Amino acid sequence: MQKTIIMPLIKSISGIRGTIGNRKGEDLTKEDIVLYTRSFILWLENEKLIINNKIVVGRDARISGKMVEDLVLDTLTKMGVNVVCLGLSTTPTVEIAVPLENADAGIIITASHNPRNWNALKLLNNNGEFINAKDGEKLLKIANSNHSYKYDSKNVGEVEFKNQYIDTHTDLIINLPLVDADLIRSRNFKVVVDAVNSTGGIAVPNLLNKLGVEVVKLYCDPNGEFPHNPEPLEENLTDLSKLVVKEQADFGIVVDPDVDRLAFVSENGEVFGEEYTLVACADYFLKNKPGITVSNLSSSRALKDITESYGCEYFSSAVGEVNVVEKMKEKNAVIGGEGNGGIILPELHYGRDALVGIALFLTHLSKLNISCSDLRKKYPDYFMSKEKVDLSYDLDVDSIIENIREKYSHEKTSGVDGLKIDFEDSWVQLRKSNTEPIIRVYSEAKSQKSADELSTKFIAEIKNFS
């Protein structure tokens, strides 16, 4: 049984999220959902971005999803906006549908990897990409103005329901030049799928069935009753690991509730490591189409190693999908993403997409004709430690980080996102939270012991300067 987590409502440039409830300012209430939906349309109107008067809406399977969807549709249509509603869908599917529908924007109803009592609105522009920081600030200003709004009863939008887009999405993936569907079919793979009872239970089997893969379903009923913490971390994958071994499957797949994060379990039940999802997909892609790669500063150094082994350049961005996408566009990267299992393939669209990651991974394994565990052995071993330091609200967090920066100024440092210090065979990153008085301490080294020791060392440094 999952522990219910209650946290304050979070309004940010990327959307609004929180626990579903009625506590004003603490929960994500019905009033918040209406306000933010309305503010999104008002922002689009202010920026003269309403061209075709059409918005695409889709949701994951969490239990509050239908309620939130009804509120969003009601608000949009009352404002005279026409809606293409995908119903149960995935984040990357909605991202693909927006430009295909020539829509002005998109709204995804999902709290991603957060527990089942959470929900959120994620906001897309007309390219099906997350709105950027500058646009998000303008939207927040509108939402925070507490304006009154009078609906025009004579101008009501219409809702068109379309459920074919998961099929459209998977067909686009199968037809990518570097996805060898015929070769995958010839391998007769058997794969266990853990979709945490969300929409991955629809989308992942859909893709695998088209690729001739035998699917063993684990938690694939899209009822929103998450059987474990939905974040695809090793400690949450014990059931998947056991079933992969029991079924003698080639490997296991786990996705988060909105299907933009992806992790694998090898045939022996060992976790492949979500940091290595992007590494494996990039390895295959670069072998066939060399080019620049990008990941965020908190992702494993393994991607940089693999990229440079092909004589290509690697660049890093601040944490956050929108930052990765901006850097990828700036550098014209061929593939990128985040170490949390998010694959971004510009050839398909600029968004994290677990489904395209699955297809690339299957092709990679098929061409090498090796096991999943043998593939993992090909890559350099790095181990990560992720800790946080709780601080009092009156401390100057920026000053603490700056003091540490000065102390380690003789090392290679980056201030793009907090402070990252690169050592010869390890790194540490200190990032302050925008919502609570903490500093996150991420480190990576060639052994778990070394990574843990590095984190411990810098936690002591933080406390020394606080």
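Report the GluC sites (Glu not before Pro) located in the stretch 44-103 that are in a DSSP loop and have at most 12 other Cβ atoms inside 10 Å of their Cβ, or state none. Before the final figure, lay out the partial values.
Working: sites: 45, 47, 69, 95, 101; in loops: 47, 101.
Taking the stretch 44-103 and a limit of 12 other Cβ atoms within 10 Å, the loop GluC sites (Glu not before Pro) found are 47.
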If contacts are Cα pairs under 8 angstrom and at least 6 residues apart, what is the relative contact order of the chain in percent?
-> 12 percent
Find, among the trypsin sites (Lys or Arg not before Pro) in the stretch 303-410, those assigned to loop by DSSP (not H, G, I, E, B) with at most 13 other beta-carbon atoms within 10 angstrom.
-> 378
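Which entries of 78/141; 210/327; 242/378; 412/463; 217/386 show an alpha-carbon separation above 28 angstrom in the structure shown?
On the way: 78/141 22 Å; 210/327 33 Å; 242/378 24 Å; 412/463 22 Å; 217/386 31 Å.
From 78/141; 210/327; 242/378; 412/463; 217/386, over 28 Å: 210/327; 217/386.
Tell me, what does the Kirkwood hydrodynamic radius of the stretch 344-439 come to in angstroms if you use every pair of distinct C-alpha atoms? Intermediate results must be reported in sequence, preceding the final value.
Details: mean 1/r = 0.0581 Å⁻¹.
The answer is 17.2 Å.
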A student asked for the Cα radius of gyration and Dmax of the stretch 276-344 in angstrom ought to give 10.2, 28
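Within 10 Å of each candidate Cβ there may be at most 16 other Cβ atoms; applying that plus a DSSP loop requirement, which chymotrypsin sites (Phe, Trp or Tyr not before Pro) in the stretch 273-368 survive?
On the way: sites: 276, 284, 285, 310, 314, 315, 350, 361; in loops: 310, 350.
Sites meeting the loop and neighbour criteria: 310.
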Shape of the stretch 10-163, Cα gyration tensor, a/c cut at 1.5 = rounded
If you bin every alpha carbon distance in the chain into 20 Å steps from zero, what whole percent lands in each bin?
-> 24, 57, 18, 0
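Using 28 Å as the Cα-Cα cut-off, could you pick out the over-long pairs in 289/329; 246/446; 134/331; 54/432; 54/150; 66/150? List each step's numbers first, then the result.
Values: 289/329 17 Å; 246/446 32 Å; 134/331 21 Å; 54/432 38 Å; 54/150 20 Å; 66/150 25 Å.
Table pairs above 28 Å Cα-Cα are 246/446; 54/432.
Values quoted throughout were computed directly from the atomic coordinates according to the rules given, and no laboratory measurement underlies them. Note that the structure is predicted; figures quoted are calculated from it, not measured. No Cβ is skipped: glycine too gets one built from the backbone with ideal geometry, and neighbour counts run over all protein chains shown.
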